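First comes the structure, then the notes that go with it.
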Amino acid sequence: MADSGIYKELSDKLGVWESERFLKILNAMLTPEEARICLELFEPATCSELAGRLDFTEKELSPKLDVLVDKGMLTRGLTQYAFHTTLLAFHHECVADTAPHTGPYALSKEVKELWADFFYNEWSYHFIKHTEEFIKMTGRSLPIWPAIGALERSPNIKPEDILPEENWKLRIENAKSRILAPCGCRISWGHACDLPLMTCFACFDRPRGEYYLNQPGRLLKEVSLDESLAVVRVAEEAGLVHWGDCYCCDCCCENLFPVTRDKRFDLMTPNRFIAVVAEDKCIGCEECIDRCKFDAVEMKQDETSGDWVSSIDPEKCKGCGLCIITCEPNALTYEIVRPPEYLKPKPPEGSDEEEPVHVIPVWGHYFLK
């Protein structure tokens with residue numbers, strides 16, 4: 001690999017383990033010159049400041065920076081530029097949701113195959129280790145969010161029972177800008193499944209989305225309130241789990257795939273809800289078993305009727321609500337099993353801290369001047 005040293009430096013700065021696969025990705029996506037520029041921008045700098053550190057005039061450097069911005073490799077403020085300082089940020093900005101997907105900087109088949117090889121054979125295993133460390137620091141991982149459709153099919157859950165921070169529908173209704181992007185994982189690995197693609201809410205109601213909306217080559221789309229809710233309903237009915245800003249599948253998602261592959265359901269924090277079964281309504285169709293990603297549903301035989309009905313294991317249920325949404329006889333509904341205090345950050349395990357520790361995952365974005 002030509003000039004492999006510069007790619008190794010960049011990989012190390014991004015905190016990536018010793019990975020030949022990732023070095024191939026960097027080599028395919030960046031020229032050595034571009035990699036050198038990115039390496040100098042782990043701290044924001046103006047074109048003038050950067051030219052002073054590199055062997056370029058400002059006139060020579062400016063168009064090179066423009067290309068890197070168009071590629072999604074750099075973020076740009078009014079005067080400053082910056083590279084992404086974590087692997088997660090690099091993936092999402094340079095390949096995934098806000099990245100270019102059409103025109104001269106569209107992902108090539110080669111790049112998608114390299115990312116798929118890297119993810120399925122390396123990164124997904126390191127995700128498990130990273131999540132274990134994150135839980136040690138924060139006491140929990142990011143909770144699964146309750147599905148809008150499941151809440152609406154649970155008449156015992158009143159609007160006032162739903163806290164603002166877990167009320168996804170309320171957030172959509174109150175948003176000032178509604179910008180959607182393609183799912184970064186399904187884009188990156190070549191859309192390995194046939195599930196809905198425009199389901200990423202990472203740019204929703206945020207300056208990040210507004211900045212990228214009209215940039216060349218992006219597939220971001222501004223949508224109405226009704227269109228936003230329609231996207232949610234399609235995603236939920238398709239069986240996508242609402243986790244963070246994402247609607248996740250278990251075959252492509254950088255989060256859900258490794259957890260379900262290794263059955264490390266302990267790494268996923270449940271929300272305040274669980275699914276419950278009205279056995280007298282259950283017809284034993286077993287669709288809920290097919291839709292559950294967490295092995296929380298099984299069939300049991302009713303002692304009186306002898307019929308087989310579904311049963312939810314409360315220790316395994318994460319509260320995603322996917323089983324509720326498509327239950328034709330309405331035998332499944334939500335029940336709240338945890339108090340509002342449950343959503344407050346927890347002290348890390350074994351900590352002497354009296355107050356919860358608030359740790360925000362580092363994406364690697366800057367507020368640029």
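No value in this document is a laboratory result; all are computed from the given coordinates. Because the structure is a prediction, the values reported are computed rather than measured. Because the Cβ atoms are built from the backbone with ideal geometry, glycine has one as well, and the counts that use them run over all protein chains shown.
Compute the helix-to-body angle for 109-118: its Cα long axis versus the longest principal axis of the chain, expressed 0 to 90° and rounded to tens.
Helix 109-118 sits at roughly 60 degrees to that axis.
Before anything else, pin down the relative contact order of region 1-158: Cα pairs under 8 Å, at least 6 apart, normalised by residue count, whole percent. Don't skip to the answer; put the middle values down first.
Details: 123 pairs, mean separation 30.8, N = 158.
RCO, region 1-158: 19 percent.
Starting from the Cα of LYS344, draw a straight line to each of the lysines and keep only those under 23 Å, dropping any in the same chain fewer than 8 residues away.
LYS136, LYS158, LYS169, LYS316, LYS318
Can you give me the long-range amide H partners of CYS248? Hydrogens built in the peptide plane at 1.01 Å from N, cutoff under 5 Å, separation of 5 or more residues or another chain.
VAL241, HIS242, TRP243
Determine the alpha carbon to alpha carbon distance for each of LYS221/LYS293; LYS109/LYS129; LYS8/LYS129 and list only those over 26 Å.
Details: LYS221/LYS293 29 Å; LYS109/LYS129 29 Å; LYS8/LYS129 22 Å.
Result: LYS221/LYS293; LYS109/LYS129 exceed 26 Å.
Note down the relative contact order for region 256-317 as a percent, whole number, built from C-alpha pairs under 8 angstrom at least six residues apart.
Numbers: 67 pairs, mean separation 20.4, N = 62.
Taking the mean separation of contacting Cα pairs over the length of region 256-317, I get 33 percent.
Hey, what angle do you get for helix 225-237 against the long axis of the chain, alpha-carbon based, 0 to 90 degrees rounded to 10?
Long axis of 225-237 versus the principal axis of the chain: about 70 degrees.
Starting at the first residue of region 133-143, write each ³J(HN,Hα) from the Karplus equation 6.51 cos²θ - 1.76 cosθ + 1.60 with θ = phi - 60°, in whole Hz, x for Gly and Pro.
5, 5, 5, 4, 6, 10, x, 6, 9, 6, x
Rank-order 197-204, 26-33, 222-229 by packing density, defined as the average count of other C-beta atoms within 10 Å over each peptide's residues, highest first.
Working: 197-204: 21.6, 26-33: 17.9, 222-229: 13.9.
Going by the mean number of other Cβ atoms within 10 Å, highest first, we get 197-204, 26-33, 222-229.
Amide H neighbours of CYS200 under 5 Å, counting only residues 5+ apart in sequence or on other chains, H built in-plane at 1.01 Å?
HN-HN under 5 Å from CYS200: ALA181, CYS183.
Please list 3J(HN,Hα) in residue order for region 250-267, calculated via the Karplus relation 6.51 cos²θ - 1.76 cosθ + 1.60 where θ = phi - 60°; whole Hz, with x for glycine and proline.
Using θ = phi - 60°, the values come out as 8, 10, 10, 4, 5, 9, 6, 4, x, 5, 6, 4, 8, 6, 9, 5, 5, 7 Hz.
Could you rank the peptides 36-47, 241-252 by their average count of other C-beta atoms within 10 Å per residue, with the highest value first?
On the way: 36-47: 18.3, 241-252: 21.8.
Packing order, densest peptide first, comes out as 241-252, 36-47.
Could you run the Karplus curve 6.51 cos²θ - 1.76 cosθ + 1.60 with θ = phi - 60° over region 91-105 and give me ³J(HN,Hα) per residue in whole Hz, x for Gly and Pro?
4, 6, 8, 9, 10, 9, 4, 8, 6, x, 10, 9, x, x, 10
With unit charges on the beta carbons (Lys and Arg positive, Asp and Glu negative) and the dipole taken about the Cα centre of the chain, which residue among PHE294, CYS248, LEU88 sits farthest to the positive side?
LEU88
Rounding to the nearest 10 and keeping the result within 0 to 90°, find how far the Cα-based axis of helix 4-13 lies from the longest principal axis of the chain.
50 degrees
Tell me which residues come under 5 Å, amide H to amide H, from GLN80 once H is placed; ignore anything under 5 positions away on its chain.
Correct list: LYS369.
So how do 93-104, 307-318 stack up, highest first, on mean other-Cβ count within 10 Å?
93-104, 307-318
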